[in-house]
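The values are calculated or read from the model by the stated rules, or taken from the named source; none is laboratory data. The structure presented is a predicted model; accordingly, all values stated were derived computationally and were not measured. Cβ atoms come from the backbone with ideal geometry, glycine included; neighbour counts cover every protein chain shown.
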């Protein structure tokens with residue numbers, strides 16, 4: 001019980017602190033990393049959703065499931081998918097950040113003044 | 001094996017395979033071949049969608065990928081694609097708009113490589129997958145695919161500073177929205193042990209919703225609302241539209257953002273049947289979005305941004321219609337709006353290619369060149385602006401008339417006002433640019449809002465004439481919008497699709513295999529005399545309003561000042577909120593998610 005509570009709290013905390021990191025960010029690299037932090041929260045949340053005390057890894061032999069319970073393999077597949085998405089988006093956003101540094105001469109979001117109103 | 005079993009997976013994988021082919025072979029193939037292949041793919045997608053609609057008119061169809069059909073009574077482990085007329089119709093819309101965008105860029109992007117075509121095809125696949133997916137996680141995966149491709153497309157002009165900023169903001173805000181949706185999916189999975197929409201709905205049905213169920217549903221809906229650009233999640237849309245290449249704006253405005261509304265309706269109807277507070281909250285969000293979009297539309301001078309705010313306003317109307325009585329009307333409105341708005345974006349793209357600017361003040365009278373092609377463009381623009389106001393027989397007008405018939409009386413002024421005001425703003429800009437109506441506004445350096453100067457051309461040089469494809473694409477899209485309004489078949493299918501989309505019960509029954517529930521056949525959306533009259537009247541009102549704004553420039557400044565003093569600070573305050581700062585946008589996202597969460601949870605749980 002307590003472990004579950006801790007896991008869910010950590011997940012919520014990571015998402016929130018990542019989002020607040022973007023709000024208060026003064027550097028676009030920091031913004032992108034904060035976004036990744038927020039996403040890490042979703043990993044913890046998914047793993048916590050599939051966790052079962054005393055269960056083993058969900059690797060089943062040819063004979064099928066034995067007597068011992070396994071943790072939910074579905075959430076782990078979801079986390080893997082999620083990590084792939086995260087890698088793509090982070091790479092794309094960092095590439096844009098590099099290009100912004102070249103074209104705007106700054107990576108401080110407070111100094112990007114091209115779009116408004 | 002029936003039609004749906006073959007076509008539904010092909011509609012998703014076909015464009016992906018074609019995109020890979022175009023990207024790999026694009027290096028060796030001549031440009032016209034790439035154009036033709038991509039265009040054929042988009043048209044094929046539209047045909048595929050039409051066949052899917054035809055196959056599902058009698059009842060929703062489910063196809064389990066890889067033959068993972070769950071045995072009766074067992075929980076599913078496979079991935080289902082679920083097709084109903086609404087989903088099929090949206091696939092048609094994706095195909096038609098992608099074809100329009102590709103046709104327009106035939107000669108437009110002179111220096112473009114095959115990667116543009118590849119990205120457009122991948123983008124179409126992402127949207128198709130989102131529409132057809134029958135479970136929450138598959139929806140999210142395609143949501144992310146369409147998101148990632150859309151960020152790349154928005155920042156396509158990587159040498160232009162504004163484009164980069166808009167693309168990055170779009171990426172950060174939409175990704176965060178997707179992560180909130182993923183949290184919601186995790187919570188719902190923990191609560192119900194299911195990912196399939198129908199099974200989640202079945203598990204939650206018949207009981208008073210508990211905390212986890214409400215939190216999960218709200219988080220998922222917030223994710224989709226970010227894509228729909230509902231207030232206060234709308235900030236990214238104007239920035240992304242102002243910077244994205246014009247053919248891409250067609251897809252963003254016509255179908256990508258409205259897909260957010262589709263997602264909201266689908267999930268709330270199928271998975272959250274027992275949360276009545278949701279409807280009221282969504283109606284309020286929609287109405288606020290419509291009003292705010294209309295107000296901000298009026299004050300823009302960058303034409304693409306102006307059209308973007310008009311899209312936000314119309315998405316607000318779709319949300320209102322979809323959640324409050326207008327189920328039969330809003331899909332027809334969506335289709336009609338998509339054609340008209342797409343034509344307007346392409347005509348603005350033509351201005352950029354001809355004159356190197358999309359600024360209303362800068363381009364005052366620029367369209368009066370006497371060139372026949374420019375005259376055609378001017379006429380098309382005016383017709384499209386009038387169609388946006390509700391001019392019969394265009395589809396936007398038909399959808400608006402049907403929406404006014406179906407929503408509660410208190411919301412009718414919102415629908416009428418929004419369409420009149422946004423169309424007047426669009427018409428005002430067009431009359432200034434194409435005909436030079438009214439005095440030339442003073443040129444000023446604008447610190448408060450984005451101008452339309454200095455945008456990078458999408459052609460190698462200034463075009464001396466608008467090319468045939470650049471005029472044909474908007475003309476065809478406008479004709480498609482007229483077809484939506486004229487063809488009785490579309491009104492009939494649109495009404496059926498909207499009602500079935502709002503009825504989660506039929507969807508759940510189809511997926512669970514408990515026997516198809518045949519719903520009542522709704523009254524088709526068609527022109528009635530009152531609808532025609534209001535359509536003509538709102539069009540006239542938009543024309544009068546636009547002309548009033550244009551001649552008000554002749555009124556002495558002394559007389560104008562009281563008006564400006566009264567409403568100026570409010571509008572200026574609203575504009576300043578749109579700071580272009582990604583941190584501000586994320587703060588609004590968190591605020592909006594919290595408010596919607598409290599508004600839904602308090603009456604449901606309390």
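Details
- Search result, residues across segment A:13-40 that are facing chain B (nearest Cβ under 7 Å) and without any contact (Cβ under 8 Å) to a residue 60 or more places away in the chain: A:15, A:19, A:22, A:23, A:24, A:35, A:38, A:39
Listed here are the residues, each with its yes/no results for (1) within 14 Å of chain A (Cβ to nearest Cβ); (2) closer than 20 Å to residue B:137 by Cα; (3) without any contact (Cβ under 8 Å) to a residue 60 or more places away in the chain; (4) surrounded by 23 or more Cβ atoms within 10 Å (Cβ to Cβ).
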residue: B:51; (1), (2), (3), (4): no, no, yes, no
residue: B:57; (1), (2), (3), (4): no, no, no, no
residue: B:69; (1), (2), (3), (4): no, yes, yes, no
residue: B:74; (1), (2), (3), (4): no, yes, yes, no
residue: B:83; (1), (2), (3), (4): no, yes, no, yes
residue: B:89; (1), (2), (3), (4): no, no, no, yes
residue: B:92; (1), (2), (3), (4): no, no, yes, no
residue: B:97; (1), (2), (3), (4): no, no, no, yes
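- Complete set of residues in segment B:201-217 that are under 27 Å from the mean Cα position of the chain (by Cα) and either within 14 Å of chain A (Cβ to nearest Cβ) or modelled with pLDDT under 90 (or both): B:215, B:216
- Residues within segment B:472-489 that are over 22 Å from residue B:348 (Cβ atoms), in contact (Cβ under 8 Å) with a residue 40 or more places away in the chain and surrounded by fewer than 23 Cβ atoms within 10 Å (Cβ to Cβ), tallied: 2
- Residue within segment B:114-121 that is in contact (Cβ under 8 Å) with a residue 60 or more places away in the chain, surrounded by fewer than 23 Cβ atoms within 10 Å (Cβ to Cβ), within 14 Å of chain A (Cβ to nearest Cβ) and over 27 Å from residue A:75 (Cβ atoms) present: yes
- If you filter segment A:1-12 down to residues that are surrounded by fewer than 22 Cβ atoms within 10 Å (Cβ to Cβ) and facing chain B (nearest Cβ under 10 Å), you find that the one that is farthest from residue B:165 (Cα to Cα) is A:4.
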